[in-house]
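A short worksheet on the structure shown next.
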Amino acid sequence: MKAVKLFGALAALVVASLSVGAPAAAAQQGDRCAELHAVLADTATPADDPAEQPARTAINNAVRAGYDALQCGGATPVAGPIELNRQYMSAGYRSHCPVVGPPPAPPTGRLTTRQFNDAVPAFNSWAETNNAALSCRAAEARQLRQQLVIASAVVAVRNWRTKQQAEEAAAAFGRANPRS
Amino acid sequence: MRIILVGALAIVLSAGAPATADEIAPVVAQLPCPAVADPPVLPRRRASQEEWSAASVAFNEWISQRNAALNCAVQTLAAMEANERALVDEHTRLNAAGRAAQSAWQAVQPTSGGSAQ
């Protein structure tokens with residue numbers, strides 16, 4: 001007797017390796033990880049102002065996730081330029097994966113084995129098509145998650161760095177301003 | 001994933017801290033957000049009042065640009081997060097529909113050697 005094909009187990013959406021373009025020089029990937037690491041270290045220290053702690057923690061978390069996604073703590077960090085998909089950044093992105101129609105309805109009434117075997121290929125064909133479409137969507141979601149993690153990390157780094165620049169500038173102003 | 005903006009820095013004036021030659025910038029530049037230049041340079045110590053005033057205006061302008069760019073980036077990340085959630089939700093829905101169809105077919109599958117009970 002033919003079996004009904006098992007529906008694919010496609011539940012887990014996890015951050016895997018990042019899809020990147022051409023390999024870059026080792027020094028460049030080192031710089032990238034070094035910058036993330038530096039901000040990680042900065043934001044691991046408690047904020048002087050407790051009110052700033054949540055923001056600092058959020059930055060640390062975002063940078064940590066990016067650091068991990070780029071495998072900066074491992075022997076072989078992800079190399080090459082990071083290429084973000086602009087379509088993922090647009091509100092209301094629509095999947096490019098195929099849309100599969102509804103499954104064929106199962107036959108009704110009392111069936112013989114032969115009748116069932118004659119009918120089940122239609123379902124199995126649909127299930128294969130649908131499983132492929134589901135795999136496509138899972139891969140798309142995984143890639144989007146990877147890009148989101150990386151983008152969040154670099155925005156957090158930029159946020160932190162420009163805040164430092166502004167604070168250093170304000171301090172310098174306080175020292176140098178003849179009116180202060 | 002949400003980045004909380006580190007506060008709108010309502011302070012006056014800037015020193016031109018050198019920008020790091022980073023690998024972060026090319027990624028940030030891919031976001032559909034305005035670019036932010038380096039902060040303006042701090043006037044010399046004996047600068048005139050007018051020079052300090054002009055520098056103050058320039059610095060506050062830089063802060064505004066910086067905050068606008070970061071707000072844009074945060075909104076972009078939020079859009080990505082919503083898109084990801086929609087993809088996952090749709091995947092979950094399609095997966096459940098497939099499993100329901102599978103169950104419906106298995107319900108009419110005859111037991112081995114005979115017709116359906």
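When the Debye formula is applied to the Cα atoms of segment A:51-102, each taken as the same point scatterer, what base-10 log of I(q)/I(0) results at q = 0.19, 0.24 Å⁻¹?
One equal scatterer on each Cα of segment A:51-102 leads to -0.89, -0.96.
Please list, short to long, the whole-number percent of alpha-carbon pairs of segment A:39-180 in consecutive 10 angstrom bins beginning at zero.
For segment A:39-180, the binned pair fractions read 9, 22, 20, 16, 12, 9, 5, 3, 1, 0 percent.
Once the principal axes of the Cα atoms of segment A:89-143 are found, what is the range along each, listed largest first in whole angstroms?
53, 16, 12
Averaged across A:95-106, how many Cβ atoms of other chains sit within 10 Å of each residue's Cβ atom?
Mean partner-chain Cβ count within 10 Å for A:95-106: 3.
Which semi-axis lengths, in whole Å and largest first, follow from the square roots of five times the eigenvalues of the Cα gyration tensor of segment B:43-106?
With the √(5λ) rule applied to segment B:43-106, the semi-axes are 60, 6, 4 Å.
Please state the charge dipole magnitude for segment B:43-106, taken about the Cα centre, from unit charges on C-beta atoms (+1 on K and R, -1 on D and E), reported in debye and rounded to the nearest 20.
Here segment B:43-106 has a charge dipole of around 220 debye.
Since every read-out is calculated from the coordinates, none of them should be taken as a lab result. Bear in mind the structure is a predicted one, so any value in this text is a computation, not a measurement. No Cβ is skipped: glycine too gets one built from the backbone with ideal geometry, and neighbour counts run over all protein chains shown.
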